[in-house]
Structures are given as structure tokens and as C-alpha cells.
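Here the structure comes first, spelled out in C-alpha cells, and everything after it is commentary.
The values are calculated or read from the model by the stated rules, or taken from the named source; none is laboratory data. Remember, it's a predicted structure, so these values are computed and weren't measured experimentally. In case anyone asks, the SASA skips ligands and DNA or RNA and just uses the protein heavy atoms, side chains included. Shrake-Rupley method; radii C 1.70, N 1.55, O 1.52, S 1.80 Å.
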Amino acid sequence: MTSGGASGWDAWQALCQPMLSGTWSSFAVALPMWAAMTLAMMLPTAGPMILTYAEIADTAARKREPVVSPWVLAAGYVAVWFGFALAAAALQWVLARTGWLDGGNINRLAGGAIFVAAGVYQFSR
């Protein structure tokens, strides 16, 4: 399963770790990755809220009350998450430029500590 001397694993690694070099081209790959990931995770959870607001807006429009379009709500939600994606990609780029993502033992310990802290937070009240 090789193509041009690269294995399938190399292709997956390039997709999953697009910013080990800290170059602008790696930022150009990481930003859409972060944007797609945040939208894929966050937009489905906003669906019920947006649909509920659409029903409220429809009722208000029938009463001739001023109302903001549900599309504006959805666009604002997406804009906030695109802003987060931009910040996350920028942070990843800075960490790659400073060498924090090169996989040394210290960085693995720091990554493990962050992972454990996120788990503790997730399961806390």
C-alpha cells in the first residue's frame, strides 16, 4: 500500500499532525482542519436551539413583532466557532514554531498532563 514511496501511515500522519513544521503552509492546512472539527462537533448540538428559536421567530413574525432571522443566530454561532478555530490554529502554529510539538519526552509529559486535566475537568461537577 505505497504510492510514490509514502505509506498509508505517512498520509494519515500528515493529516493528523499537519503543523509539526510551524510553516505558513502548515497553518493553511491546520486552520481548515480546526474549522471543520469545531463545526462537526458544535453545530449538531446547536441544531435543537436553532430550530426552537426558528419556531419562536415564526410565532413573533405572525404577530408582526420585530424578530431576528434564525439564519443570523446560526451565522453568529458559526462565526464564534470559526474564531475559536482561528485561535486554536494560531496557538498550534506558535507551539510548532517554538518546538513544543516535536515530540520530546517533556512535551509528551506536558501533553499527558493536559489530557488528564481535561479528563478531570470533564468528570467534575
It is to be established whether one or more residues within the stretch 47-70 are open to solvent by less than 80 Å² (accessible area, probe 1.4 Å), β-branched (Val, Ile, Thr) and within 30 Å of ILE114 (Cα to Cα). no
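Among ALA96, ALA79, ALA110, which is the only one that is in a helix (DSSP H, G or I) and at pLDDT 85 or above?
ALA79
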